[in-house]
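The values are calculated or read from the model by the stated rules, or taken from the named source; none is laboratory data. None of the values given here were measured: they were computed from a predicted structure. Note that each Cβ is placed from the backbone with ideal geometry, even for glycine, and that neighbours are counted across all protein chains shown.
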Amino acid sequence: MKKNRRQREKQYFVGVRLTEEQRKLLTKIQENAGFSKTDTLLRGLELLSEYYLLGLDTPRLSMELKKLEEEALQHAQALKQIRRREETLKDMVRELRDIDGIVDKYNGDPTYIIQILLDIQAKYHWISKTSVLWVSERLGIPQSQIYQIATFYKAFSLTPQGRHRVRICQGTACYVRGSTQVSDIAERLLGVKDGEMTPDGKFTFSKVKCLGCCAIGPVMQVDNDYFGGVKQSQLEKIFAKYD
């Protein structure tokens, strides 16, 4: 009976086991120090990273911290970045602090949500689920509202994008001039298929219906640069221009 009572008294806060008395004291300190919920979660992720670095077993975590850890691992997998857990968590902390900086730039004003998302898109080339969770927490707006904006405007992507976008026209004028063969070589050189990102995060490749440059087909676009009459032999040299 006493054992069960002790178990009920134990609480978990940012991954650390605390008694009820300790929990209340920590909460009071947090309030007095002016720590926000997001500050506490970030510190929790940092502690968790240090915990794994020491080679300790997985600790009992608060629900929110556990969710963030899961998101960090999925985030790294989406970006094809294979790292140890502690490194992945440190990367996530850095990213969330960057997002904090973007939100603070607009004084945490929800009316600037589109500009905040644009800044995140520009920095990371996509709007990750983790970004949505964090912006929602910081601005106090529903995640559903953020997703509505991110799916409505073409400027946003909810999947990882490379630093450079490669698009090859598949329109009729380009097709008859060999765009299919150009696309096949591009896929082989980049090691990806239509809509995929290269493992190094450098390029995202896609086939498009028309780039509006029918007279100079086959046409390839890399970011804002257009290459008309592009030949298969030129592709490797063109890709080498971009860092």
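Looking at this structure, is GLN234 assigned to a helix (DSSP H, G or I) and of a type in the set (S, T, N, Q)? Yes; evaluated as a whole, the condition is true for this residue. Of the candidates GLY217, GLY201, GLY212, GLY229, the single residue that is small (Gly, Ala, Ser) and within 22 Å of the chain's Cα centre (by Cα) is GLY201. Residues that are at pLDDT 95 or above and under 22 Å from GLY195 (Cα atoms) were ranked within the stretch 118-146; the one that is surrounded by the fewest Cβ atoms within 10 Å (Cβ to Cβ) is LEU118. Scanning the stretch 216-233 for residues that are closer than 14 Å to PHE203 by Cα and not charged (D, E, K, R), we see that the one that is surrounded by the most Cβ atoms within 10 Å (Cβ to Cβ) is MET220.
The set of residues in the stretch 169-212 that are closer than 16 Å to LEU235 by Cβ and among the hydroxyl-bearing types (Ser, Thr, Tyr) comprises SER179, THR180, SER183, THR198, THR204, SER206.
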